[in-house]
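Heads up: the structure comes next, in structure tokens.
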């Protein structure tokens, strides 16, 4: 089929081939768009439909199946289009629950509308939205199944969640037309998490952004609306707002370090000394005193790759990654993963994965393999999270979407003890940091390394969980983006487990949905 593409004042048509397995993948489409528009190959594209709703890999095929697709292309951050009729909401305005706590089934608290108006709303607004969603599900075929599943399990499977969204959007379009205003979409989203409080995301501003986020125009409801729209959105009398997000490990940030920092000649002398000494006391002192210089170096695009040459003690003094991360975020943040994962997140992820695919069942077997072909249970639980947040094709990157099983190679690799680590490093293609485990068997590991720029940084950790902790922290210490196939996985670790940049990091609806499900799971 032909997709109409608008870029600035120009308009092109891009042909998308349909195969037995469906339409061509999203990344191939982006490459064609770049070629049609005559843009440089590495251009980062931002796509929306005519209503301003973000278009990405998760929704692309659904939009194609809906037909008559027009995509607006920009090379800048996408903006959200709000129509004037969406601003004059008066008594139909919805309220925002600013509480970040786990939702309860009932509350008499007064809610304050976050529109700068200072208008207060009672719990009646939530009750109205809840009753609306309940009535829709009770009146439509398949809706009772949704209610029954939630009442039984306090969550929804992916298939049931999709069915619920389809039913609600069908009602929304029937009542409000094919371009429902923002306040209507918000009311449906609010109704979902009020009727099903265990689906609320405690870390989001309102708790329902994975169903509809007015700031970015994304979410399951927004995406489903695109599959049923046929007419063009109204373009008159509109205004724009831009959602700004942090950029993960590469974000510029203020540090929590309190140690005196060296500059100028004193800093150069300390760096020279670090190159020629392995005395633990001196290394610790001088590394702390040169932290600010080191962070400036890793953020220098031209010289960032030299950091391990300038500071070679990373390669023979285990523990330096953790010390730098602590200076960046503080002791509390540095210890969150190891404190929260084994007792809180691991059992919930295991419970959530019980009915998953064969690859997951292999991981769930944990330490049971007699030949040691399985990872230990801690590392297996981390890989299960990767399955729950599978890779998606993003941006201008080449190649089709890869499977969760394939993505594991970008997270952790194994070498039998006795095999040369140097020879292994020499065979690597350029890539993002990953964890190298060296041992007799996968579940009996003697040494862990974080691989950065074809160099092996020895981990201080003696367990796979602590080693992964160092791997995650290395992204921030060396200012390295997450691997594209692991972006959702690492973003979940960053915001939900470490609580870093909560609310300012761009998260996919799938990340928010999983967080809501896990944080509300009773073990």
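The values are calculated or read from the model by the stated rules, or taken from the named source; none is laboratory data. Only a predicted model underlies this, so the values are computations on that prediction, with no experimental measurement involved. Don't worry about glycine lacking a Cβ; one is built from the backbone with ideal geometry, like all the others, and counts go over all protein chains shown.
The figures follow:
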{"read-out": "Answer residue from the range 147-161, given it is part of a helix (DSSP H, G or I) and touching a residue at least 24 places away in the same chain (Cβ under 8 Å) and is surrounded by the fewest Cβ atoms within 10 Å (Cβ to Cβ) among those", "value": "150"}
{"read-out": "Residues (more than 26 Å from residue 76 (Cβ to Cβ) and under 17 Å from the mean Cα position of the chain (by Cα)) located in the range 201-224", "value": "201, 202, 203, 207, 208, 211"}
{"read-out": "Residue within the range 120-128 that is modelled with pLDDT of 75 or more and either in the same structural domain as residue 388 (by TED's automatic domain parsing) or under 30 Å from residue 63 (Cα atoms) (or both) present", "value": "no"}
{"read-out": "Check on residue 187, under 28 Å from residue 353 (Cα atoms), not assigned by TED's automatic domain parsing to the domain that holds residue 352 and not in a loop (DSSP other than H, G, I, E, B)", "value": "no"}
{"read-out": "Any chance residue 447 is farther than 27 Å from residue 252 by Cα, more than 26 Å from the chain's Cα centre (by Cα) and surrounded by 15 or more Cβ atoms within 10 Å (Cβ to Cβ)", "value": "yes"}
{"read-out": "Residue among 452, 438, 502, 480 that is closer than 27 Å to residue 158 by Cβ and either outside the structural domain of residue 313 (by TED's automatic domain parsing) or in contact with a strand residue (DSSP E or B) (Cβ under 8 Å, 6 or more places away or on another chain) (or both)", "value": "502"}
{"read-out": "Scope the range 459-470; condition part of a helix (DSSP H, G or I) and without any contact (Cβ under 8 Å) to a residue 40 or more places away in the chain; matching residues", "value": "467"}
{"read-out": "Residue in the range 301-318 that is over 27 Å from the mean Cα position of the chain (by Cα), farther than 18 Å from residue 452 by Cα and not assigned by TED's automatic domain parsing to the domain that holds residue 387 present", "value": "no"}
{"read-out": "Complete set of residues in the range 132-146 that are assigned to a helix (DSSP H, G or I) and either within 14 Å of residue 188 (Cβ to Cβ) or modelled with pLDDT of 90 or more (or both)", "value": "132, 133, 134, 135, 136, 137, 138, 143, 144, 145, 146"}
{"read-out": "Flag for residue 495 being in contact with a helix residue (DSSP H, G or I) (Cβ under 8 Å, 6 or more places away or on another chain), within 29 Å of residue 443 (Cα to Cα) and assigned to a helix (DSSP H, G or I)", "value": "yes"}
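Residue-wise test of (1) surrounded by fewer than 20 Cβ atoms within 10 Å (Cβ to Cβ); (2) in contact (Cβ under 8 Å) with a residue 60 or more places away in the chain.
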| position | (1), (2) |
| --- | --- |
| 286 | no, no |
| 292 | yes, no |
| 295 | no, yes |
| 305 | yes, yes |
| 311 | no, no |
| 323 | yes, no |
